[in-house]
Amino acid sequence: MEWAALVAWLVTAGGGFILLAIWISRGGMQQGREPGSRIRPPLILGHFGLAPTGLVLWIIYIASDSDVLAWIAFALLVIVAILGWTMFAIWWQRRQRSQVAETVDPGTPAEQRFPVSVVALHGVLAVTTVVLVSLTAIGVGGS
């Protein structure tokens, strides 16, 4: 099960990297001080910084079979998930309010340009990853 968690985590990270690249390329860093409901740089960068840290710990866990590392990776993943849900709520609330159309004005938050399919896939894979990591950490399906 730890290998399934690793694959899910890697694919989730790929989707997250795409979203981060879109956010940065659409001016997310520069929009951080603008008023209104938007994803702020500390939130998205914290999510992006902790997720690969947990992933590296998970890889080390697989190599060493250290239960402590599995639990630390899981704890980091929970924090990453909380940050992710916070960003999703901001994105969803703003999207519901504005119903972004084909033409987006320059003041539109960068995250409103995320493809819905990528957000959905990233979220589903993230939940899958959390479930697989938690099950592995508690010893379900272990060797």
Original post:
Can you give the charge dipole size of the chain about its Cα centre, rounded to the nearest 20 debye, using +1 on the beta carbon of Lys and Arg and -1 on the beta carbon of Asp and Glu?
Top reply: 560
Subject >> the range 3-86: relative contact order in percent, alpha carbon pairs under 8 Å with at least 6 residues between >> reply: 28
Original post:
Between the range 1-46 and the range 112-141, how many Å separate their Cα centres?
Top reply: 14
Original post:
Which whole-number percent is the relative contact order of the chain (Cα, under 8 Å, 6+ apart)?
Top reply: 43
Original post:
Just how many % of Cα pairs in the range 1-140 lie over 19 Å apart, if you round to the nearest whole percent?
Top reply: 50
Subject >> Net charge, Y61 excluded, C-beta distance under 12 Å - Lys, Arg +1, Asp, Glu -1 >> reply: -3
Original post:
For the chain, what is the accessible area per residue in Å² when the probe is 1.4 Å?
Top reply: 55
**OP:** Mind checking the full-extension length gain between I18 and R97? Use 0.36 nm per residue of separation minus the Cα-Cα distance, one decimal, nm.
**Re:** 26.0 nm
**OP:** Report, to the nearest whole %, how much of the accessible area of the range 1-92 belongs to carbon and sulfur atoms, 1.4 Å probe, protein only.
**Re:** 76
Subject >> Residue among P35, V68, I138 farthest towards the positive dipole end of the chain, charges placed on Cβ >> reply: P35
Subject >> Cα long-axis angle, helix 41-64 against the chain (0 to 90 degrees, to the nearest 10) >> reply: 20
Original post:
How large is the helix-only mean residue ellipticity at 222 nm for the chain, computed as the sum of -39500 (n - 2.57) over DSSP H runs with n ≥ 4, divided by its residue count, in deg cm²/dmol to the nearest 500?
Top reply: -25500 deg cm²/dmol
Original post:
Among 20-26, 1-7, what's the highest-first ranking by average C-beta atoms within 10 angstrom per residue?
Top reply: 1-7, 20-26
**OP:** For W71 paired with L10, estimate the spin-label separation in nm (one decimal), with each label point 7 Å from Cα along the Cα-to-Cβ line.
**Re:** 2.8
Original post:
M1 versus I60, label points 7 Å from Cα toward the beta carbon: distance in nm?
Top reply: 2.3
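The values are calculated or read from the model by the stated rules, or taken from the named source; none is laboratory data. Computed from a predicted model, the values in this text were never measured in an experiment. So basically every Cβ, Gly included, is an ideal-geometry build from the backbone, and we count neighbours across all protein chains shown. When the accessible area is computed, the model is the full protein with side chains, heavy atoms only, and any ligands, DNA or RNA have been set aside. Shrake-Rupley method; radii C 1.70, N 1.55, O 1.52, S 1.80 Å.
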